[in-house]
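Reviewing the structure listed below.
The values are calculated or read from the model by the stated rules, or taken from the named source; none is laboratory data. It should be emphasised that the depicted structure is a prediction, and the values quoted were computed from it without experimental measurement. Counting neighbours? That spans all protein chains shown, and the Cβs are built from the backbone with ideal geometry, glycine included.
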Amino acid sequence: MTLAVLSLLFLFNPADFNIFPKCPFHLTTGWHCPGCGSQRALHSFLHGNIIEGFKHNLLIILLIIVLIYDAVVITINKYFKKNYFNLLHHPNTTRGILVLIILFWIFRNLPFTPFSYLAP
């Protein structure tokens, strides 16, 4: 399923084709949610346009860091028989990530520089 979605995102630019779902929050309020621009960002990443992808949604940097960290800890614990504590399972980490997402959500909807650069 993931490969099929990534294939569609590679072949069709979400900015040009209406086959991808639109953000219901943006459609009803006109404001950008934390995920707005993610489809276009993934399309750019799949085509090797990393900087362009980050321009669509800068929050993806946090997602990449979290996914890499989680994969490394899981791999080390599984294959090297270690028992490292995964900081992502700590309540304060979850709260911190939630605060970052909410702040990003607020800042990307402010209509003045430098915050306007956060909008997709």
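Listed by first and then second residue, the pairs with beta-carbon distance under 6 Å, at least 6 apart or on different chains, first residue in the stretch 3-17 and aromatic (Phe, Trp, Tyr), second surrounded by 11 or more Cβ atoms within 10 Å (Cβ to Cβ), are Phe10/Leu46. Could we say that Trp31 is surrounded by 14 or more Cβ atoms within 10 Å (Cβ to Cβ), modelled with pLDDT of 95 or more and touching a His at 6+ places or on another chain (Cβ under 9 Å) here? Judged against the criteria, Trp31 is not a match. Restricting Phe25, Phe45 to residues that are among the aromatic types (Phe, Trp, Tyr), farther than 17 Å from Tyr117 by Cβ and over 13 Å from the mean Cα position of the chain (by Cα) narrows the list to Phe25.
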